[in-house]
């Protein structure tokens, strides 16, 4: 760590939505008390670089390519955020690609960091913040998933995230890195366009109506799910980079707080903020394939560990919608 | 699967203690109703081959070497037992070796089986029984570990086992294999000599006195632990090879039954079977290093899933000692 409370930061997946939200947070708030000395954004395509009070370097590449993990390790960033992944649907359709990109490349990163740790005579031991996901859980569930519930993923994506969590914990226990894995809720309301993720509609039913577009709701409005805003996701990551990991006592994987609500409650929150005419743009069109996937997803959590460690999120879906309106809705 | 209720079997780690106990079980009892057509024993050193009512082939090699996983897959065994691993203490001292042998090579095996599945036009889909361990769990624990307790290993060995469990589940969910992972209790009373495992004394305090030797007890006799005999371990494996995995509902990892007792209860069981003079050969010699390891180990479980699926084990430590006397004590 730099001696003067200044941190160098490297974000793998820095071009993605969450990576860019994290960068904005670093620009506006620094890192929970530390000053940002520099940021390196690493992604498969060249990431966007906004104006910032610190230098921003970018590099496009793939962690799977020879030498790339070593290049990242050689930067000796104080804090590395590992956000890179292909999404759940992609990993499910492309088995080999999913295991390569979401699991093998993370292992290569950890191996490169271990080698750098040794090369530094044990001095280099970066904080690694790994963005995991509630996809590590698979149905059936208790009403609320607690902090000690087992991981039985029902997607390859979830299995890949769970595997990397185990490795982050073991490399940390051995002192090669100072790692923490945080299991993000579904991040809504995502800005931009709909994507191919089965979860896309959770954002779409709010975002599209607010933008004057029709939105498709492919599941029953009784479906309950676990949400946090992009702002909260960035906050989780920044906080995870700053806490004393000794408090984790060799259990460096945390379920993040979130807000549990049904689709009907999402819609009522939209109505209370934007009115009936906006809500009328949501069209029900049940999609059995999406319904089958969504029914195996977590619905609610109890997250005392993360809350005791200072992680916080929205407490109403109205708040989550307001984050989208504040940050991303074009006037 | 062979059409005539005859199974070909391949045992990776077939030269080890549990592999040989499994082979004995196959010789004596077949495979829960199926006839054994042939057995291939695979191990790093040439395995022992007793007389048997079926042909036994052997091969020495390492799963990590080029082509070895493919060789195994090409045998198209109906049932593959994957028992190969380096022990906990070895994996803890040799980080890279542990991850290579206990995790990377298992992944290579799964990849070879997936390729064979594809090459067979989807016909070949072997039952894979993976021997996992209660080392996937790390303290703190509830009084009894239930079927849905999370895996927070405190050894690299445990993390490696947990990683392979995730992969066995995902490759099975996708239909490439028909896999099941069983988490074995500590297997006592192990025959043969003491080994370097920190758990070695749990067997040693019974075995050595029965063989006229002094035994060292390196922990307090209040230490509670979770035991099953080698005979039970072989029975778990054979049963796991035979059950209908559809009943597992995409949760193909099971905590095995066992018997929970303190070291004092082990010693009293020995006294009731062999008398005071034998027990007097146990010498207390506290070893802080072993005590520190053992205090993070599971002590007791509640295993309703495995019991409902027909897995059974001893119900007293006397029974466990009698298995050793029956099977392994030289007269």
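The values are calculated or read from the model by the stated rules, or taken from the named source; none is laboratory data. In this text the structure is predicted, and so the values were computed from the model without any measurement. Glycine also receives a Cβ, built like all others from the backbone with ideal geometry; neighbour counts cover every protein chain displayed.
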Given the structure, is residue A:227 closer than 30 Å to residue A:107 by Cα and in a strand (DSSP E or B)?
yes
Mind checking whether some residue in segment B:189-200 is away from chain A (no Cβ under 13 Å) and touching a strand residue (DSSP E or B) at 6+ places or on another chain (Cβ under 7 Å)?
yes
Which pairs do you get when a residue that is within 12 Å of chain B (Cβ to nearest Cβ) and closer than 22 Å to residue B:111 by Cβ, found in segment A:74-102, comes within reach of a residue that is surrounded by fewer than 23 Cβ atoms within 10 Å (Cβ to Cβ) and modelled with pLDDT of 95 or more, reach meaning Cβ atoms under 7 angstrom, with the pair 6+ apart or on two chains?
A:95/B:174
Do any strands (runs of 3 or more DSSP E) entirely within segment B:1-96 hold 3 or more residues that are outside the structural domain of residue B:131 (by TED's automatic domain parsing), touching a helix residue (DSSP H, G or I) at 6+ places or on another chain (Cβ under 7 Å) and surrounded by fewer than 22 Cβ atoms within 10 Å (Cβ to Cβ), and if so, which?
none
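Is it the case that segment A:125-135 has a residue that's without any contact (Cβ under 8 Å) to a residue 24 or more places away in the chain and under 20 Å from residue B:166 (Cα atoms)? Show your work before the answer.
Restricting attention to segment A:125-135, the residues satisfying the condition of being without any contact (Cβ under 8 Å) to a residue 24 or more places away in the chain are none.
Looking through segment A:125-135, none of the residues is without any contact (Cβ under 8 Å) to a residue 24 or more places away in the chain and under 20 Å from residue B:166 (Cα atoms).
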Residue check, residue A:221 modelled with pLDDT of 95 or more and at the interface with chain B (Cβ under 9 Å from one of its Cβ atoms):
no
Exactly one of these conditions fails for residue B:139: (1) surrounded by fewer than 17 Cβ atoms within 10 Å (Cβ to Cβ); (2) within 22 Å of residue B:81 (Cβ to Cβ). Give me its number.
(2)
Consider residue B:162 carefully, then state whether it is at the interface with chain A (Cβ under 9 Å from one of its Cβ atoms), in contact with a helix residue (DSSP H, G or I) (Cβ under 6 Å, 6 or more places away or on another chain) and either assigned to a strand (DSSP E or B) or surrounded by 24 or more Cβ atoms within 10 Å (Cβ to Cβ) (or both).
yes
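Applying the selection to segment A:237-264, what residues are part of a helix (DSSP H, G or I), out of contact with any strand residue (DSSP E or B) (no Cβ under 8 Å at 6 or more places or on another chain) and buried (at least 16 other Cβ atoms within 10 Å of the Cβ)? Spell out how you get there, then give the answer.
First, the residues of segment A:237-264 that are part of a helix (DSSP H, G or I): A:237-240, A:245-248, A:263-264.
Restricting the remaining residues to those that are out of contact with any strand residue (DSSP E or B) (no Cβ under 8 Å at 6 or more places or on another chain) gives A:239, A:246-247, A:264.
Of everything in segment A:237-264, just one residue is part of a helix (DSSP H, G or I), out of contact with any strand residue (DSSP E or B) (no Cβ under 8 Å at 6 or more places or on another chain) and buried (at least 16 other Cβ atoms within 10 Å of the Cβ), namely A:239.
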For segment A:310-327, which positions are assigned to a loop (DSSP other than H, G, I, E, B), over 18 Å from the mean Cα position of the chain (by Cα) and surrounded by 12 or more Cβ atoms within 10 Å (Cβ to Cβ)?
A:316
Residue B:234 vs (1) over 23 Å from residue B:191 (Cβ atoms); (2) in a helix (DSSP H, G or I): all pass except (1)
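Pick from segment A:167-177 the residues that are closer than 14 Å to residue A:108 by Cα and in a helix (DSSP H, G or I): which of them is nearest to the other protein chains (Cβ to nearest Cβ)?
Filtering segment A:167-177 for residues closer than 14 Å to residue A:108 by Cα gives A:167-168, A:171, A:176-177.
This time we only want the ones that are in a helix (DSSP H, G or I), so: A:167-168, A:171.
Details: A:167: 7, A:168: 10, A:171: 9 Å.
Of everything passing the filter in segment A:167-177, A:167 is nearest to the other protein chains (Cβ to nearest Cβ).
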Residue A:182: assigned to a strand (DSSP E or B), away from every other protein chain (no Cβ under 14 Å), in contact with a helix residue (DSSP H, G or I) (Cβ under 9 Å, 6 or more places away or on another chain) and modelled with pLDDT of 95 or more, yes or no?
yes
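Is one or more of the residues making up segment A:117-133 surrounded by fewer than 22 Cβ atoms within 10 Å (Cβ to Cβ), at the interface with chain B (Cβ under 10 Å from one of its Cβ atoms), within 24 Å of residue A:68 (Cβ to Cβ) and modelled with pLDDT of 95 or more?
Taking segment A:117-133 and keeping what is surrounded by fewer than 22 Cβ atoms within 10 Å (Cβ to Cβ), we get A:117-125.
Still in the running and at the interface with chain B (Cβ under 10 Å from one of its Cβ atoms): none.
No, the conditions are met nowhere in segment A:117-133.
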Quick check on segment B:247-257. Is at least one of its residues away from chain A (no Cβ under 14 Å), touching a helix residue (DSSP H, G or I) at 6+ places or on another chain (Cβ under 8 Å) and under 27 Å from residue B:326 (Cα atoms)?
yes
When segment A:54-68 is examined, which residues are found to be closer than 27 Å to residue A:4 by Cα and touching a residue at least 40 places away in the same chain (Cβ under 8 Å)?
A:58
Flag if residue B:175 is assigned by TED's automatic domain parsing to the domain that holds residue B:123, modelled with pLDDT of 95 or more and out of contact with any strand residue (DSSP E or B) (no Cβ under 6 Å at 6 or more places or on another chain)
yes
Are any of the residues in segment B:11-20 over 27 Å from residue B:294 (Cβ atoms) and free of Cβ contacts under 8 Å to residues at least 24 places away in the same chain?
no
Go through segment A:144-159 and count every residue that is more than 7 Å from every other protein chain (Cβ to nearest Cβ) and part of a helix (DSSP H, G or I).
2
With criteria (1) without any contact (Cβ under 8 Å) to a residue 40 or more places away in the chain; (2) within 14 Å of chain B (Cβ to nearest Cβ); (3) part of a loop (DSSP other than H, G, I, E, B), residue A:141 comes up short on (1)
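What about residue B:248, is it over 15 Å from residue B:318 (Cα atoms) and touching a residue at least 40 places away in the same chain (Cβ under 8 Å)?
Working: over 15 Å from residue B:318 (Cα atoms): yes; touching a residue at least 40 places away in the same chain (Cβ under 8 Å): yes.
Spelling it out, residue B:248 is indeed over 15 Å from residue B:318 (Cα atoms) and touching a residue at least 40 places away in the same chain (Cβ under 8 Å).
Mind checking which residues of segment B:2-34 are more than 16 Å from the chain's Cα centre (by Cα) and over 21 Å from residue B:73 (Cα atoms)? Working first, answer last.
Applying the first criterion (more than 16 Å from the chain's Cα centre (by Cα)) to segment B:2-34 yields B:2-9, B:27-34.
Within segment B:2-34, B:4, B:27, B:28, B:29, B:30, B:32, B:33, B:34 meet the criteria.
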